[in-house]
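J.: Below is a structure I'd like to ask you about.
Please treat every number below as a calculation from the coordinates, not as lab data. Just so it is clear, the structure is predicted and the values come from calculations on it, not from any experiment. Note: ideal-geometry Cβ built from the backbone for every residue, glycine included; neighbour counts use all protein chains shown.
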Amino acid sequence: MKNKYDVLIVGGGPAGAIAAKTAVEKGLSACIVEKRQAIGAPVRCAEGIGKEALLEFIEPDPRWISAEMTGATIVAPDGFVMKLSSEMAGSKVGYVLDRKFFDRELVWRAAEAGADVAVKARACAPIIENGVVKGAKVESGGKITNIRTHVVIAADGVESKFSKWCGIDTTVPVREIMSSVQYVMTDIEIDPTSTVFYLGNEVAPEGYLWVFPKGKRSANVGIGISGKKSGDGHRAKDYLDKFVKKTFPHGKVIEFIPGGVSVCRPLACTVADGLIITGDAARVVDPLTGGGIYNAMYTGRLAAEIAADCIGRGDVSKKALMAYDKAWRASKMGKAIERNYHIKEYLIKQPDTKLNEIIHSVSNINLKEFSTLTLIKEIIKVNPKLMLELGALAASLR
Ligand code: FAD
């Protein structure tokens, strides 16, 4: 770790790793500082990602793929099972990763490309001069080092503090923090090729419960419920335990993973003078699915590209860096976040009877492509009344 880089990246998750790799490929000097002592651990993720989304960044490798998914199953509140298969969609589905190794692979690649990496190195304060972010104070082994940079890329995840220290409002309303708990379970009866989503206010209020296979008899079994629905006796873990007792009574829990997922809208602005905010820190998780790995990598790459361009032109002002903010909002990813935010807001207000009705109505659909958008479009096609209920949003789904 040196005292000066073109770009300093706070956080060694997918956003930070891709940002660092892209930055060095663009000819910049870059360093990732990661506060944990190991990249990728502990895992706080169900580890699901779409095949095409992954391929945009990296070729799949059996060393960090736990399982390949060829289908998805949705279980309605009344127990009705709807199956979606890749044959039906005619497109590929996805993977369940092993993020301990996946995150490491991404950081290795950044390091191989020329980025510096420091673990157990925590950014503890920004260096700000005349209102411009000029680097960070980094604490490592009891020593504080001032690292000066042209641009800091904040990739410090859902619990991000860096941008807040730079004066940006990063507050997430309690109701839009999904309180999540996950067990890695083994010795359970599952379909090892399909993800399963359980919906309903009795199962996971304003959220969902998931079973993401990690092998023939093991899976990530987790739940996310709205923070506002959580309280004594009805916390995420209570719901999960109830489900596990009923569904996998003989299964064994080999890992317990608590965590939070923001399902709010992204930050109002994701740049400041000398600063770009990416991934979960920018609140770019898909508000409907809670998926954030792809969005983190997407914004990480874009952040480094724009940083390189602005550094090259000698202008890292907020105005210049706004190109990043505008680009991701205008992208397919940005539009999906906005659209899925509205759909999430609609769905969480529906009683179980309505959710049953919706899921029953699409039990025989034939998806052209395996995506949330095509599923929503099919739902609307067979439930034209939903167009009115969704109001202005419906137009964007046509
Ligand atoms: P992170 O992966 O969180 O990385 C941020 C890093 O920054 C961390 O390593 C942290 O230690 C480090 N850091 C923080 N502060 C500092 C500091 N001051 N100094 C130095 N380092 C710092 N997404 C999916 O796509 N699919 C899923 O199936 C899925 N399931 C999920 C299940 C759960 C229970 C949870 C909690 C999340 C899930 N997500 C899922 C979301 C996904 O995990 C995140 O969107 C993704 O990890 C975001 O990547 P990131 O790089 O932005 O942040």
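J.: Could you calculate the contour length gain from Ala38 to Lys319, that is, 0.36 nm times the residue separation minus the distance between their Cα atoms, to one decimal place in nm?
T.: Result: 97.6 nm gained on full extension.
J.: Going toward the positive end of the dipole of region 216-295, with +1 on Lys and Arg Cβ and -1 on Asp and Glu Cβ, which of Leu288, His234, Ile277 do you reach last?
T.: The Cα lying farthest towards the positive end belongs to His234.
J.: Right, next: Quick one: putting +1 on the C-beta of Lys and Arg, -1 on the C-beta of Asp and Glu, what dipole do you get for region 246-335 around its Cα centre, in Debye to the nearest 20?
T.: It comes to approximately 320 debye.
J.: At a 10 Å Cβ-Cβ cut-off, how would you order Asp315, Asp6, fewest neighbours first?
T.: Ascending Cβ contact count within 10 Å gives the list Asp315, Asp6.
J.: Here is a follow-up. Springs between alpha-carbon atoms under 10 Å, Gaussian network over the chain: tell me which of Pro173, Pro192, Pro266 tops the mean-square fluctuations.
T.: Pro173
J.: Apply the a/c threshold of 1.5 to the C-alpha gyration tensor of region 207-250 and tell me whether it is rounded, prolate or oblate.
T.: Judged from the Cα gyration tensor, region 207-250 comes out oblate (a/c at least 1.5, b/c at or above a/b).
J.: Now for a different question. Taking 0.36 nm per residue of sequence separation and subtracting the Cα-Cα distance, how much length would be gained by fully extending the chain between Asp232 and Phe197, in nm to one decimal?
T.: Answer, rounded to one decimal: 10.1 nm.
J.: Applying the Karplus parametrisation 6.51 cos²θ - 1.76 cosθ + 1.60 with θ = phi - 60° to the phi angles of region 147-152, what ³J(HN,Hα) value in whole Hz is obtained for each residue in order, glycine and proline being reported as x?
T.: Listing the rounded values in order: 10, 9, 8, 7, 9, 9 Hz.
J.: Charges on Cβ only, +1 for Lys and Arg, -1 for Asp and Glu, centred on the Cα centroid of the chain; of Ala67, Pro266, Val93, which one is farthest towards the dipole's positive end?
T.: Result: Pro266, furthest along the dipole toward the positive end.
J.: In nm, to one decimal, how far is the Val119 label point from the Ser331 one, both placed 7 Å along Cα→Cβ?
T.: 2.7
J.: While we're on this one: Among the listed pairs Lys134/Lys318; Lys164/Lys237; Lys2/Lys100; Lys100/Lys137; Lys26/Lys134, which are separated by more than 22 Å between their Cα atoms?
T.: Lys164/Lys237; Lys2/Lys100; Lys100/Lys137
J.: A further question on this structure: Less than 11 Å from a label point 7 Å out along the Cα-to-Cβ axis of Lys242: which backbone N atoms in region 182-211 qualify, by residue?
T.: Answer for region 182-211: 201-205.
J.: Quick one: 3J(HN,Hα) in Hz for region 130-143, Karplus 6.51/-1.76/1.60 with θ = phi - 60°, rounded, Gly and Pro as x.
T.: 6, x, 10, 6, 10, x, 8, 8, 10, 9, 8, x, x, 10
J.: What's the Kirkwood radius of the chain in Å, using all Cα pairs?
T.: Kirkwood hydrodynamic radius for the chain: 21.7 Å.
J.: Arrange the following residues from fewest to most other Cβ atoms within 10 Å of their Cβ: Leu347, Leu275.
T.: Fewest-to-most ranking of Leu347, Leu275: Leu347, Leu275.
J.: Ordered by residue, what ³J(HN,Hα) values in Hz, to whole numbers, does region 286-295 give under the Karplus form 6.51 cos²θ - 1.76 cosθ + 1.60, where θ = phi - 60° and Gly and Pro are x?
T.: For region 286-295, the Karplus curve yields 5, x, 8, 9, x, x, x, 5, 4, 4 Hz.
J.: May I pose another question? Treating only the Cβ of Lys, Arg, Asp and Glu as charged (+1, +1, -1, -1), what charge dipole size does region 89-213 show about its Cα centre? Round to the nearest 20 debye.
T.: Using Cβ point charges on Lys, Arg, Asp and Glu, region 89-213 gives about 760 debye.
J.: Oh, and also: Do the alpha carbons of any pairs in Lys120/Lys214; Lys21/Lys335; Lys335/Lys385; Lys228/Lys344; Lys354/Lys377; Lys229/Lys349 sit beyond 21 Å of each other, and which pairs?
T.: Over 21 Å apart, Cα to Cα: Lys120/Lys214; Lys21/Lys335; Lys335/Lys385.
J.: Can you sort Met185, Met178 from fewest to most other Cβ atoms within 10 Å of each residue's own Cβ?
T.: Going from least to most buried by this count: Met185, Met178.
J.: For the chain, what is the charge dipole size about the Cα centre, in debye to the nearest 20, if Lys and Arg each add +1 at the Cβ and Asp and Glu each add -1 at the Cβ?
T.: With only Lys, Arg, Asp and Glu charged at Cβ, the dipole is about 600 debye.
J.: Using helices alone, I'd like the mean residue ellipticity at 222 nm for the chain: each DSSP H run of four-plus residues gives -39500 (n - 2.57), total over residue count, nearest 500.
T.: -10000 deg cm²/dmol
J.: For region 1-152, what class follows from the C-alpha gyration tensor (a ≥ b ≥ c being the square roots of its eigenvalues): rounded when a/c is under 1.5, otherwise prolate if a/b is larger than b/c, else oblate?
T.: Prolate shape, in that a/c is at least 1.5 and a/b is the bigger ratio.
J.: If you average the C-alpha positions of region 104-173 and of region 305-369 separately, how far apart do those two centres end up, in angstrom?
T.: The two parts, judged by their Cα centres, are 26 Å apart.
J.: Shifting gears a bit: GNM on the chain, C-alpha springs below 10 Å: top fluctuator among Lys143, Lys326, Lys26?
T.: Result for the chain, Cα springs under 10 Å: Lys143 fluctuates most.
J.: Springs between alpha-carbon atoms under 10 Å, Gaussian network over the chain: tell me which of Arg301, Arg36, Arg63 tops the mean-square fluctuations.
T.: Arg63
J.: If the reach is capped at under 19 angstrom between alpha carbons, list the aspartates and glutamates near Lys326, excluding any in the same chain fewer than eight residues apart.
T.: Counting by Cα, and skipping residues close in sequence, Lys326 has these aspartates and glutamates nearby: Asp169, Asp273, Asp280, Asp286, Glu305, Asp309, Asp315, Glu338.
J.: Which whole-angstrom value gives the distance between the alpha carbon centres of region 50-85 and region 200-279?
T.: Between the Cα centre of region 50-85 and that of region 200-279, the gap is 17 Å.
J.: With a ≥ b ≥ c the root eigenvalues of the C-alpha gyration tensor of region 66-183, is it rounded (a/c under 1.5), prolate (a/b larger than b/c) or oblate?
T.: prolate
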